[in-house]
Each structure stands twice: as C-alpha cells, then as structure tokens.
1. How many residues, within region 184-212, are within 23 Å of G246 (Cα to Cα), surrounded by 20 or more Cβ atoms within 10 Å (Cβ to Cβ) and without any contact (Cβ under 8 Å) to a residue 60 or more places away in the chain?
2. Could we say that Y205 is of a type in the set (F, W, Y) and either more than 26 Å from S258 (Cβ to Cβ) or modelled with pLDDT under 95 (or both) here?
3. Output yes when any residue across region 28-38 is under 20 Å from the mean Cα position of the chain (by Cα), within 22 Å of L165 (Cβ to Cβ) and surrounded by 14 or more Cβ atoms within 10 Å (Cβ to Cβ), and no when none is.
4. Quick one: which of R26, R45 is in a helix (DSSP H, G or I), touching a His at 6+ places or on another chain (Cβ under 9 Å) and either among the charged types (D, E, K, R) or on the phi > 0 side of the Ramachandran plot (or both)?
5. Take the conditions surrounded by 13 or more Cβ atoms within 10 Å (Cβ to Cβ) and either closer than 23 Å to A172 by Cβ or in contact (Cβ under 8 Å) with a residue 12 or more places away in the chain (or both) and apply them to G237. Does it pass?
6. Are any residues in region 101-117 of a type outside the set (S, T, N, Q) and loosely packed, with under 14 Cβ neighbours inside 10 Å, and if so, which ones?
7. Would you tally the residues in region 118-144 being more than 20 Å from the chain's Cα centre (by Cα) and either assigned to a loop (DSSP other than H, G, I, E, B) or buried (at least 21 other Cβ atoms within 10 Å of the Cβ) (or both)?
8. Mind checking which pairs have a first residue in region 53-76 that is closer than 20 Å to A172 by Cα and in contact (Cβ under 8 Å) with a residue 40 or more places away in the chain and a second that is of a type in the set (A, V, I, L, M, F, W, C) and assigned to a loop (DSSP other than H, G, I, E, B), Cβ under 8 Å, 6 or more apart or different chains?
Amino acid sequence: MDKREQIARMAQTKEDEILLARVYERITSAAARNSPAATAFLSKREQMLAAELLRGQDFVFFGGPAMAEREVCCYVPEYLDESWLTGDEGPIAAVRAVYFAGDTLTHRDFLGALMGCGIKRDTVGDIYVSEGSCDFLVTREILPYVLQNLTSAGRARLTLRELALSELEIPAAQVKTVRDTVSSLRLDSVVSAGFGLSRGKAALYIESGKAELNHMPCVKSDKTVCEGDVVSVRGLGKIRLEELSGTTKKGRTGIVISRFV
C-alpha cells in the first residue's frame, strides 16, 4: 500500500487527509535532507495518527514539558542531540503573559485572544493559566509576531516576554477522585460514573459523536474501557479509569476514576 492510499484509509475527514500528507512530507523530506524540521502542533489524536503513518521513520514528539497535550512532530538528525529541542533554535518557544492579578482570565480567554490576533490554532501549544500570569507555547516562527501583537486578553492588558522552557510554570492539575461500582466496564457505564450522569444520557453523548476514548472518536456505548484509558466527552470534560477495586457481592465492579476539573 503506498502512502497516499494509507493516508486515505486512515483519515476520517478531509482535514485529516491534508494534515497527514503535510506531516509525512515534512518529516520524510527533512530526513532526506538530514536537516532538523518540525510540524505544527498536533492534538493527541493527531499524534496517534501521525505515529501510525510514520512507523519505521525517525521522529519524536515534543511539546515542552513532560505530559504536554499538544506536541510538534520533529525530525532530529544524528549530528544534533535532543537538547536542540529545548534550545534557542528549537522548534517551539515559551511566552509568559503577565496581567493584573485582580483580573480573572481563563484558558478560553487566552486562546480567544491569540485567535483574535490572527494566529492559527496549530501554531499554539499548551496554555497554562495562573493567577496574574499565563505561560504558553508557540511555534518558534510566530514568536516575534506574538510578542508584538498580543496586547490584551478579555479586558486585561498583557505584558509579554519570552522565557526558557525550563522556566515554565505549570499549575497543579485539579483532579477529583470518583469511586463507584458499575455492572460492566462498558464506555457508557464508565462515563455515567465519572460524570454523574444516567447511563442513558451517557449513551446519548457517546452515540452523538461527542466522546473520545484514548483520544480517538468512539460512538460505541458498549466499547470496553481498561485501566489507564482516558475518556473525553465534549461539554463534560475528561476522566481516566485509574484502577479496578474488586467485585461486590452483587457482582458489580468497583472502579476508581480521576476526573479533571
């Protein structure tokens, strides 16, 4: 199977097809030239698709801090070590936006401000909002434009500066632990427990295309969820099935879920 056929088979949308073609061309061309290169930022779902497409190629995903959600796909030649990724000539840059601590700003405020400046979503990585400041990642090519043009978010005025990746301040994730029992490890049962919904309503979310299992769309309510699996539901948030905690006398399975709030 040639790559065009593989891309067409893997892609679920026309946008997927265009994206995968760009990723493949970027990484394989860089390898042929033996020069460093990186794509735009990819979501976890896009990373999984890219990894399957690039199987057998030399590449690495990088998003700044460990466990970053959005990452670029890079080709790093053998004559460079991976410190290139974090250096001044690496593919991504970090920015700190400082604002009056009395203003309350959210991830949505900063993303909206960036998009309002004409900045494309795929040039922006993870966004970390703290009280009075926000650190975020961008592709290095757009760094000068961001520093010059992002002056406000919401009604708050911003003061921007570039910072080293090692200086990033990442707020501790807010996680709620949910303990429950389910009749089975079906996706609708786990979503019901994790978000406090009826099983029927959970099934409606899933079957209407609003759910992802391990970053891939899933419309099957009866799909089995395993320990460590991550479930996202549009409009509700994200949960992870942390562990199974045994079986009750009535045959129900105890589960422990982390809900990210």
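The values are calculated or read from the model by the stated rules, or taken from the named source; none is laboratory data. Predicted model only: the values in this text are computed from it and were never measured. Glycine gets a Cβ as well: all are built from the backbone with ideal geometry, and neighbour counts include every protein chain shown. With ligands, DNA and RNA removed, areas are computed over all heavy atoms of the protein, side chains included. Shrake-Rupley method; radii C 1.70, N 1.55, O 1.52, S 1.80 Å.
1. Looking only at that region, the number is 6.
2. On the way: of a type in the set (F, W, Y): yes; either more than 26 Å from S258 (Cβ to Cβ) or modelled with pLDDT under 95 (or both): no.
No: the conditions fail for Y205.
3. Within region 28-38 (the criterion being under 20 Å from the mean Cα position of the chain (by Cα), within 22 Å of L165 (Cβ to Cβ) and surrounded by 14 or more Cβ atoms within 10 Å (Cβ to Cβ)), the answer is yes, since at least one residue qualifies.
4. Numbers: R26 fails: touching a His at 6+ places or on another chain (Cβ under 9 Å).
Only one candidate passes the filter, namely R45.
5. yes
6. A101, G102, H107, R108, G112, M115, G116
7. Total meeting the criteria: 3.
8. As it stands, the answer is G64/L168; P65/L168; P65/I170, since those pairs meet every condition given.
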